[in-house]
Every structure is written in C-alpha cells, then in structure tokens.
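Below you'll find the structure, written out as structure tokens, and then a few comments.
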Amino acid sequence: EDYTSEQFKKAGIREMGSTFGFGEQIKGYEHEIEFVRGVELNEADTSLKADWRQLKLKDEYAPLAFSSQGAIAGKVVDLGYGIVAPELGIDDYEGKTVKGRVVLIRRRIPGGLGITPAQEATYADIRYKAFLARERGASGVAFWEPEGDEKKPEDLTASIRASDSVVSSDAGLPAITVSRKIAREWLAAPKSVSLSGKIALDNKKISASNIAGIMGSDAACRERSPVVIGAHLDHLGYGGESSLDSSILRGVHPGADDNASGVASIIESARFIGKALAEKKTNGCFLFAAFTAEESGLIGSSRFVDLLRSKKIHPKAMLNLDMVGRLTANTLTLLGGATAPEWKKIVKRNCDSHSLTCNLGGDGYGASDFMPFYIARTPVLHFFTGAHADYHRTSDTSDKLNPVGGVQIAELVASVATDVADRKVAVTYTKQTGTGTMATIQSRSRLGGKGFGAYLGTIPNSAGMTAGGPQVKPLGSVRPIDAPKGVLLSGAREKSPAAEAGLRENDVITGMTVLDQEPGFAAVTPKVSQVQTLQDYTMVLQTLKPGMRIKMRIWRKGETIEVPVTVGRKATKE
C-alpha cells in the first residue's frame, strides 16, 4: 500500500483531499476498511480427549481453520476417503452409521480412479468432504494424511496459519486434523474410540486500504462523474484455500500477472493521461484506484463503490485491469462490451489506433472489481490478456510477463478513458442478462474443458459478510441488521432463474431443498441442505442439474420464506 501510494504520487496522481468531500474517510491516498479474515487458535479453550486420554494440541491434533466452535463429541467411525461419486459407483458412506459420530477421513483421493481434474478438485477438497459429513448428520470430522515422511513431524496447524488469505467461514461442524500416529491408533483400536472436547478459534479482524487518487481539473471533478481506472492490489499471500498448487501447503504466491500487472498498468496509464491533461488534449476527471481484498470476494471495490454512492458520485465508466501481463501477438480480451452500446465503436477506434487486436464481448458480471461498479449502474470494461496454467499458483512470477505489452495496454486504457471523459453524451449503461464471463474464463485454468452446468443467476455479496453472518443494510436503514448465517445477495441477474423467482438485493439464502432426483423425476425424499456460507452454497450448486426443481429458503427483512426455482443452464466459454 505504501509503495503504491508512492508510485501514485510519482505518476502525478494527487490525493483526493476535499475534492469529493471524503473528509477522514480517505486519508492521503488510503481508503481504510476493516473486515474479518482468518482465525487464530485459542489454545486455552481448546481441548480433546480420546477415550479419556488427553491429546496434545498441535502435536497430535489441531482444529482446522474452517471448524465450527464449541463441543466436539462422538464415537469415531472410519470413512476411508469420504468420497461420494455416483458416476464412479463410489459411496464411502454406504452401510455406515455416521449420525452423531465423528467421521475419520483420509485427505486426497485414492489412485487409479481415472477422473478429470474437475472431479479431482471436488472429491479431494476437504471442505467438500466436511460438507458431505455435515449433510449426513456427523457430529464432527477428523482428517488425516496417510502419506508422508514418517521421520518428519507433521504440520497440523498449517490450515490455521494459511487462513489469513481467506474470509473466515465455518463448515457448520467441528473439524480437526490428527496425526498419522493417532489415526492409526484409532483404526487399530478393538472398539470405537470416543472423543470429547471443545474447539475455540478467534476471528482475526484486519485493516487494509484501497489506494485511490485523482487527476483532472477541480472544475471537471466537481461534476462528480469521473472515469474510474482500477486494478486489485492484493493476491493470495502464502496460498490458502484459493491456491491451485495442491502440492504446496504454504508458499509465496507472487501474483505477478494476477495482479501486479494491472496495478503497474494503471500507474502507467496515469502518466499518459497526465501528459494529455498537460497538453490540454483532455479536460476530464479521472479516479485511479488500487483495490484491496479482491481475492477475498471483491471486498475493497464493493466498499469503495458504497463510498462513492454515499457521496452521490456516479462514474461515467469503470475500466478494470486484471491479469494484463501476458500480451501475446498484440491481442487482448475486453469484457463488459454489452454494458454500453457505445463500447463497440470506442474500443475498435482506440484498439485500431494502437495496432492492437481487441476481442470485445461479455457482460458486467464476473469475479473481478468491475462487477460492483456494474451493479451500481456504471458501464464497465475489463482488460485481460488471458488465462494460463500459473493462475493462483506459486509459478505466477515476473519473468513470465511481457512488460512492453503492459505499457501498450496502459496507453490503450488512457486513450479509452479520455475518449469517454470528453464525450458530450455519456456512454449508456445497459443492464444485461447472462453469465459471468470473467469467472468462466478464469475457472477454465482449474476445471478445464467445456461443458454445461447448473445456473441460478444469483450475485453473492462477499463484502457484506462477517464471521457471524451477513450484515445487511437495507435502503433507508441507519444501522445494519444482524441476519442469520447464509449467503447475502447483491441481487440476481436479469431474466435469470433467480430473478424470475423474485430474489433480490439483501436477500440471504439460508437453505435449499432439492425436489427432484433427476430433471423431470421427483425425489421420493426431497434433499434438504443448510446454507451457512458461500462454500456451502457452491457445493449444493455442484449437485444440481439444469431442469431440476428446487426451493430456496430466503431470509428477507426479518422473515423466512421459501421460493420455488427451476435450475437453468449455463454454458462455459471456449
């Protein structure tokens, strides 16, 4: 943050000051926000006995970062790898009684299954395994690693230490990891081992800052309609749950492309815009922002949009740069093309003048900082040079970047920004239907291939989430209202199944009932799932198929209602 502030100043970006009336909300270049991310182990209040033998915390067991708090009790039942995969004919729960018991589950998956990377990512995910255990009534889950160097001590607290890279959310049941020695003792015991104890974790509140500043004359900026040029400043730190390096528990994730490249390019674009302002080739107002907490759910940009709205500042457009460091053959992708009809001509004119081939398309929904602006009725463009195998891995390093390409993109962004700022008639916001293009493209680096999936069209609001549940602030409300645990929504995409069912902003999804076994075939016993976190919601969606009938349990303004929805279809992009 300090380094970026220095670079903003060197590039000629000035502090906000009193231009927009932010007062103490932005000090210098820093727009500070506070949110909950990660947990710390409360050793004094954590204990565990196995058949009345006290286990050694951190040596023989440790809570996982996503564990719920409180009592853990029950007999241990071995579930192998804890996999449920009907298409493979595997159900490790079959014939086992798990209700009220602590299930013992191996990490990873067995070899020789012959499955796709997408299937492996799901079935090896310990959050998914914990979700399955909770759904079947287990009182707790204990994971262990059957493989490894027997001479080296196991690192049982890695999950807690890595938790600072994710927003805290518990799995809805106690979850621990135990050493190989303890797991093997339990497996070899002549009768089921009984566990009793308690888990205590403390949520960590952290402060981080968006870095923001302006360029342009005071007269232009007083109109309160700047062009916003933004990129996210954060990455994954040492990894955590969002890392795709499955072989590395903890390692520096440099984030050279994602997204040092974007921040570097907005600073370069400021130099081009500063030159244009000095030469009186533009008379607009430009707001530059390096957002924090994008990887934790667009938190920084969402809070920044809220701040702009509170000051009645409505940007003419938002230009977002996320992963622009690998320009190849002078070709890049611009998403958000459908958010304003004028984009087609503006983009073609500017890309042609810079000898760049720009593939324009997509709507304003996606997993990057343009989406909160689009939801707030601002036309957006997202600049992107493509997905690659280093996405969210330790291998995203600076030696793989095309720095000259980054400058080319910065010059293009500056041209588009001045073009929009100087128009006599503002570009026209267009609300679009459809799916999140950026999320689709980025997910291919993990899931691979093409296909079709379940689609509801809900837009989760991670910025409003806290460890205790969503914080909802309805229009006209002075103080937040404490909502139950669940998934807070920013809204639903127009004409999507969720929108047609009536879901809207500030709804909280707390559960889901699946009425069909297969599309068109009613289930003998509808499957009821609790939804306490975004991870729960994602896992339930993975079980759905287009055409299935469901009921979504919604908390709305203090009341709980059930909303019938028919699952739609989403095609991934090639």
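Worth a mention:
- Approximate spin-label separation residue 344-residue 219, in nm, with each point projected 7 Å along Cα-to-Cβ: 3.6
- Given charges at beta-carbon only (K, R positive; D, E negative), |dipole| of the stretch 1-132 in Debye: 500
- Share of carbon and sulfur in the accessible area of the stretch 351-403 stands at 50%, probe radius 1.4 Å.
- Links that overshoot a 29 Å alpha carbon limit, given the list 10/204; 27/424; 9/281: 10/204; 27/424
- Projecting the Cα atoms of 76, 25, 409 onto the charge dipole of the chain (Cβ charges, centred on the Cα centre) puts 25 farthest toward the positive pole.
- Area accessible to solvent at residue 316, 1.4 Å probe radius, in Å²: 50
- Long hydrophobic helices in the chain: the complete DSSP H runs spanning 24 Å or more by Cα along their own axis with mean Kyte-Doolittle hydropathy of at least 0.0 are 261-278, 403-421.
- For residue 511, distant residues with modelled amide H under 5 Å away: 531, 553
- Mean residue ellipticity (222 nm) of the chain, computed from DSSP H runs ≥ 4 via -39,500 (n - 2.57), nearest 500: -6500 deg cm²/dmol
- Within the full protein context, the accessible area of residue 75 is estimated at about 100 Å² for a probe radius of 1.4 Å.
- The order of 180, 161 by accessible area, most exposed first and with a 1.4 Å probe, is 161, 180.
- One decimal place: the segment residue 151-residue 203 gains 15.4 nm when fully extended, by the rule 0.36 nm per residue minus the C-alpha distance.
- Accessible-area composition of the stretch 53-121, carbon plus sulfur, in percent [1.4 Å probe]: 48
- Relative contact order for the chain: 14 percent, from Cα pairs under 8 Å spaced at least 6 residues apart, divided by residue count.
- Fully extending the segment from residue 107 to residue 53 would add 17.0 nm, taking 0.36 nm per residue of separation and subtracting the current Cα-Cα distance.
- Distance from the stretch 335-394 to the stretch 499-564 (C-alpha centre basis), Å: 32
- With all protein chains modelled, accessible area of residue 358 [1.4 Å, Å²]: 30
- The distance from the alpha carbon centre of the stretch 203-218 to that of the stretch 395-417 is 23 Å, rounded to a whole number.
- Over the stretch 240-343, relative contact order from alpha-carbon pairs under 8 Å, at least 6 apart, %: 39
- Net dipole in debye of the stretch 91-136 [+1 Lys, Arg Cβ; -1 Asp, Glu Cβ; about Cα centre; nearest 20]: 300
- When peptides 411-423, 510-522 are ranked by their average number of other Cβ atoms within 10 Å per residue, the highest-first order is 411-423, 510-522.
- DSSP beta bridges in the chain [antiparallel fraction, %, rounded to 5]: 70
- Think of the stretch 305-354 as a dipole: +1 on every Lys or Arg Cβ, -1 on every Asp or Glu Cβ, centred on the Cα centre; then among 346, 321, 333, 346 lies furthest on the positive end.
- Rounded to the nearest 20 debye, the dipole size of the chain about its Cα centre is 1180 debye, using +1 on the Cβ of Lys and Arg and -1 on the Cβ of Asp and Glu.
- Remark: relative contact order (the stretch 106-192) = 34 percent; criterion is Cα-Cα distance under 8 angstrom and separation of 6 or more residues.
- 61, 3, reordered so the largest accessible area comes first (probe 1.4 Å): 3, 61
The values are calculated or read from the model by the stated rules, or taken from the named source; none is laboratory data. Just so we're clear, the structure is a prediction, and the values are computed from it rather than from any experiment. Positions of Cβ are backbone-derived with ideal geometry, glycine not excepted, and every protein chain shown enters the neighbour counts. Keep in mind that these areas ignore ligands, DNA and RNA; they rest on the heavy atoms of the full protein, side chains included. Shrake-Rupley method; radii C 1.70, N 1.55, O 1.52, S 1.80 Å.
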